[in-house]
Amino acid sequence: MPRRSPSGDQRKRDAERTRERILDSALVEFGEHGFAGARTSAIAARAGVNQQLISYYFSGKEGLYQALQQRWRNTSGAARPDQPLADVVAGFVELGAKQRSWARLLVWEGLADTGGTDLGDPDSEGETQAYFTAMVDDVRRRQRSGELSADLDPAYVVLTFFAAAMAPTVLPQVVRRLTGLAADSPEFLDAYAAQLGRVLGHLGGGTPPPD
């Protein structure tokens, strides 16, 4: 029987799967080596695709990195007004534990930061700034509703809990020395999320959640 050519829908699904596989591989490569040290050849090999497809789908290494940033903005759940802030922070802790490459990528980005735009792309920087602005605006809204104390600077609140959410991935040795638990263990992650919730309860001026 002669093989039939794939339909337009099938080709679209295949292209989307290939694109996502490249992004998954790029996340690991950028997380391990940073933007400067990452190699598109290694990303292609990890994804099991021809290296030319990176140029085809993403216009090269910079486009691929920017696509990863867009994926992070879309999936990390920066502002979820329907959830208590403690749950939002716990979600970031869980995301960091499950996808450690994200935290590593952010660390590499910070080490290479020169105060300019993302890889010289003002559009990407604008989208990233809008993402963080939304987080600050969400904290400000929560202050108006009484969830958080009004005397706190919302930008510093976001910074504090953003750093706290990354701590298990960035400082696993400190976690182990302070608590005696592995930073990626369910025991630590559950206890850590609960303690962050209690801290937020105190910052709100109300009664912290029970143990």
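What the Cβ-Cβ distance of Leu152 and Glu94 gives, at R0 = 22 Å and to the nearest 0.05, is a FRET efficiency of 0.35.
Would you please state which residues of the stretch 53-68 a label at Glu127 would reach in this model, taking the label point 7 Å out along Cα→Cβ and a backbone N cut-off of under 11 Å? Output list for this probe position: 63-68.
Tally up the carbon and sulfur contribution to the accessible surface of the stretch 131-187 as a whole percent, 1.4 Å probe, everything protein left in place. The nonpolar share, carbon plus sulfur, comes to 62 percent.
A simple spin-label model places the labels of Ala112 and Ser41 1.9 nm from each other, with each point 7 Å out along Cα-to-Cβ. Our estimate of slack between Ala134 and Leu159, defined as 0.36 nm per intervening residue step minus the Cα-Cα distance, is 7.7 nm.
The values are calculated or read from the model by the stated rules, or taken from the named source; none is laboratory data. All figures in this text were calculated on a predicted structure; none of them were measured in a lab. All Cβ positions, glycine included, derive from the backbone under ideal geometry; neighbour counts span all protein chains shown. Surface accessibility is based on the protein's heavy atoms, side chains included, excluding ligands, DNA and RNA. Shrake-Rupley method; radii C 1.70, N 1.55, O 1.52, S 1.80 Å.
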